[in-house]
Amino acid sequence: MTLASWMDESQTFSPDAKMAKHTPFFEPIINTFNDGGYNPSVSYHYNPNVASYHYGVRHPMKPFRLMLTDHLVSGYKLHEQMDLYETRRATKEELLSFHSADYIDFLKRITPENSAKFANDLKKFNIGDDCPVFDGIYDYCQYYAGASLDASRKLISGMSDIAINWSGGLHHAKKDEPSGFCYVNDIVMAILNLLRVHPRVLYIDIDLHHGDGVQEAFYLTDRVMTVSFHKYDGAFFPGTGNYEEVGVGKGKHFALNVPLQDGIDDESYIRLFKSIMEPVITKFRPTAIIQQCGADSLGGDRLGVFNLNIRAHGECVKFIKSFGIPMLCVGGGGYTPRNVSRLWCYETSVMTNVELNSKLPETPYKSWFEPDYSLHPKLGDRFENKNSKKYLEDLRIQLLENLRYLNQAPSVQMQEIPPDIQNITDDDEAKIVERLKRESKIDKYRDEERYYINKKDESRRGELLD
Ligand SMILES: [Zn+2]
């Protein structure tokens with residue numbers, strides 16, 4: 001066999017008689033490339049360990065939804081469309097870039113066995129039903145934060161245009177306490193990392209809940225604009241996120257909140273989203289975007305009150321992607337694991353410009369997707385839509401009014417990084433740039449290594465089939 005014929009899959013992988021009798025594993029993938037020709041280089045950041053942690057039997061947050069997602073992604077062969085990185089744990093120093101030392105020390109020390117000894121700390125750090133102590137809690141935090149930090153580094157070095165970390169997006173965590181199932185705030189840490197080289201970072205949050213932890217961290221700065229779409233009535237968790245919250249001081253008008261009522265449907269959500277985000281992006285001119293893709297805004301979510309379908313949620317992500325700005329995509333909420341995994345798999349296909357067949361591929365967990373085995377089950381009819389046309393129109397006018405103050409995007413000098421966010425000197429800056437350069441050299445080396453390893457694996461597969 002010549003090399004050329006070995007490279008031609010149709011000649012190498014002769015159809016196996018047994019396989020041919022069964023339904024093929026994968027429907028054909030059609031590349032659409034219909035985003036004005038934007039064909040980003042996408043990286044996928046995941047460590048399987050993160051899916052094995054357990055908040056408790058009755059707790060709605062189920063990290064194994066990440067494993068389901070990963071199986072769908074590889075079942076559809078989307079991993080072939082991306083650079084894959086098994087992520088490392090965030091270091092303590094990285095966690096301290098946002099969190100206080102005594103809180104991180106507490107997370108490191110606390111276990112279900114010794115928690116009785118920490119009664120005062122449990123109270124001080126707001127540990128309870130929402131944020132329980134579980135086995136490996138600190139490792140879990142390190143894994144999901146490390147993945148967001150790795151992903152942000154790929155954007156900084158220019159090796160990825162879009163970097164995906166579905167295990168991240170834990171937007172409620174505060175500097176010195178956990179909140180709403182979130183212990184450390186990977187988004188804030190990733191933004192701080194991006195700010196080292198990016199003058200302006202836009203944060204977009206389409207979780208069901210207000211992205212309060214991220215908003216609070218950057219409430220005083222004009223270098224990070226936070227925009228959150230969420231259910232709001234003053235009582236719904238976390239209780240913040242009315243349109244009147246716009247930022248303070250230098251940060252005034254650099255926070256935007258879109259309070260919504262129960263039952264919002266695909267059409268009104270998408271229309272509102274696009275009509276707000278288009279002027280935000282053209283006026284603020286972000287050089288990097290973080291898109292939080294919380295899946296609890298889907299219809300049928302265990303904790304949800306909206307009526308969104310998977311395509312509508314994905315349409316928002318597709319719209320942001322169409323601006324061609326470097327983007328970090330993270331997960332977030334989402335408490336019906338089968339729909340969380342469907343959504344994030346679909347959104348992975350959106351990033352990689354791949355059209356998926358609605359029929360789900362064979363995976364070891366196919367039974368989770370009974371009875372329809374579809375990527376797009378109908379989700380959007382559980383709640384009455386309490387968002388009247390008038391409510392949405394008044395809201396839109398109010399929000400566009402807030403945006404009038406954004407006519408001049410701040411052209412920020414790196415030296416102007418607010419000291420409350422990051423105390424960084426010119427020397428530090430130079431060191432960081434140096435380190436990033438070294439890191440991208442290492443990355444390049446690793447890429448080459450991976451390429452050779454993959455090639456070796458392919459030849460093994462070929463040998464077996466021959
Ligand atoms: Zn949420």
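Rule-based calculations on the coordinates, nothing more; no lab input. Since the model is a prediction, treat every value here as computed from it, not as a measurement. Positions of Cβ are backbone-derived with ideal geometry, glycine not excepted, and every protein chain shown enters the neighbour counts.
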*With label points built 7 Å along Cα→Cβ from the Cα atoms of Asp176 and Glu384, find their separation and express it in nm.*
4.6 nm
*How much length is gained if the chain between Tyr38 and Asp372 is pulled fully straight, taking 0.36 nm per residue apart and subtracting their Cα-Cα distance, in nm to one decimal?*
116.9 nm
*Run the quick spin-label model on Tyr391 and Thr111: label points 7 Å from Cα toward the beta carbon, then report their separation in nm to one decimal.*
4.9 nm
_Of the trypsin sites (Lys or Arg not before Pro) in segment 254-338, those whose Cβ has at most 16 other Cβ within 10 Å and which sit in DSSP loop_ = Arg302
_Could you list Met67, Met277, Met189 so that the one with the fewest beta carbons within 10 Å of its beta carbon is first and the one with the most is last?_
Met67, Met277, Met189
*asked:* How would Cys316, Cys141 line up from fewest to most surrounding beta-carbon atoms within 10 angstrom?
replied: Cys316, Cys141
*Packing-wise, with mean Cβ within 10 Å as the measure, how do 232-240, 207-215 rank, highest first?*
207-215, 232-240
*Given labels modelled 7 Å from the Cα in the Cβ direction, how far is it in nm from His79 to Ala235?*
4.6 nm
*With a 10 Å radius around each residue's Cβ, average the other Cβ atoms per peptide and rank 149-155, 56-62, highest first.*
149-155, 56-62
*So how much slack lies between His54 and Asn126, counting 0.36 nm per residue of separation and subtracting their Cα-Cα distance, in nm?*
24.0 nm
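Working out 0.36 nm times the residue gap between Glu278 and Ser358, then minus their Cα-Cα distance, what length gain in nm do you get to one decimal?
25.9 nm
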_Alpha-carbon centroids, segment 305-371 and segment 129-202: separation in whole Å_ = 20 Å
*Exposure proxy check: Tyr391, Tyr53 ranked by fewest other beta carbons within 10 Å?*
Tyr391, Tyr53
_Among 101-107, 341-347, 182-188, the order from most to least packed when residues are scored by Cβ within 10 Å on average_ = 182-188, 341-347, 101-107
*Per-q log10 I(q)/I(0), segment 194-352, q = 0.16, 0.20 Å⁻¹ (Debye; single scatterer per alpha-carbon; no solvent)*: -0.85, -1.34
